[in-house]
1. Cβ-Cβ under 7 Å, sequence separation 6+ or interchain: first residue in region 147-166 and more than 18 Å from GLU122 (Cα to Cα), partner assigned to a strand (DSSP E or B). Which pairs?
2. Could you please find all residues in region 123-148 being crowded, with 18+ Cβ neighbours inside 10 Å, more than 10 Å from the chain's Cα centre (by Cα) and β-branched (Val, Ile, Thr)?
3. Which residues, taken from region 217-232, are of a type in the set (Val, Ile, Thr) and either assigned to a loop (DSSP other than H, G, I, E, B) or over 21 Å from THR191 (Cα atoms) (or both)?
4. So in region 1-27, with the set limited to residues that are touching a helix residue (DSSP H, G or I) at 6+ places or on another chain (Cβ under 6 Å) and touching a residue at least 60 places away in the same chain (Cβ under 8 Å), which one is nearest to GLU177 (Cα to Cα)?
5. Hey, any hits in region 44-57 for a residue that's open to solvent by 20 Å² or more (accessible area, probe 1.4 Å) and touching a Phe, Trp or Tyr at 6+ places or on another chain (Cβ under 7 Å)?
6. Within region 165-172, does at least one residue satisfy the condition of being open to solvent by 40 Å² or more (accessible area, probe 1.4 Å) and under 25 Å from SER58 (Cβ atoms)?
Amino acid sequence: MGQNGAGKTSLIKHFNGLLKPSSGIVRVDDIETTKTSVATLAKKVGFVFQNPDNQLFSETVEDEIAFALKNFGFDKETIDKRVTWALEFLSLSQYRKTSPFLLSGGERKRVALASVLAWNPETLVLDEPTIGQDHEQKEKLRQFIIQLQNEKKTVVMVTHDVEFVAECNPRVILMREGKIIADGPSKSILTSPKLLEECSIVLPQITQVFTKLAPIGLPDNIIDVDEAETALIAKAKENRYY
């Protein structure tokens, strides 16, 4: 997370070799990115661009999702199953035979995401994945990220969506002017007004509310709804309102 121009996207483009380091070393699974191809790294690291139009090129949504699977040598039966799964997961089944360029911005974003999720990479890199997505799609994405974490996969996300980050509750790295200025659990980072202000990020709305309620004895470090419910019920019981 960080303000525009902080270097977030430049950094993550090093993870699959789209950019090569001019100094230092970047390794993915002990492989130096300067010594291997983007195509080889892509099997390990799936990258979803912020602008889907930089990623899409096929005539139909189905072909778009199947493209990488074919290149990676999956058999036809597996390709058909993975394409169908990705279409259903991201609510795109009705657009199977449609050109991705006829879809809305949010729908194209989902097609780009589906085309990467279909081959199930070990590491998933997402650049502003929630832009143009409604609450239902954001919740599906959150649940999928949790699923990937349970499968011991790595998810790296660049985002300005502080509410989504609060609900995901991941490790947060703050960047400013090409440097890391903070790194830690989201609960500690997202409840620090000074740190967030340095990076032009606002506190999560629920944190803003509880910060104002702190004088009546409520905690000021709440970042998600479940925590808020627990804190409010405890306070109500304390005052015999529950």
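The values are calculated or read from the model by the stated rules, or taken from the named source; none is laboratory data. Just so it is clear, the structure is predicted and the values come from calculations on it, not from any experiment. Positions of Cβ are backbone-derived with ideal geometry, glycine not excepted, and every protein chain shown enters the neighbour counts. Ligands, DNA and RNA are stripped out before the accessible areas are found, and what is left, the full protein with its side chains, is counted by its heavy atoms. Shrake-Rupley method; radii C 1.70, N 1.55, O 1.52, S 1.80 Å.
1. Correct list of pairs: VAL165/VAL172.
2. Residue satisfying the conditions is THR123 alone.
3. The answer is ILE222, ILE223.
4. GLY2
5. Within region 44-57, one or more residues are open to solvent by 20 Å² or more (accessible area, probe 1.4 Å) and touching a Phe, Trp or Tyr at 6+ places or on another chain (Cβ under 7 Å).
6. Within region 165-172 (the criterion being open to solvent by 40 Å² or more (accessible area, probe 1.4 Å) and under 25 Å from SER58 (Cβ atoms)), the answer is no, since none of the residues qualifies.
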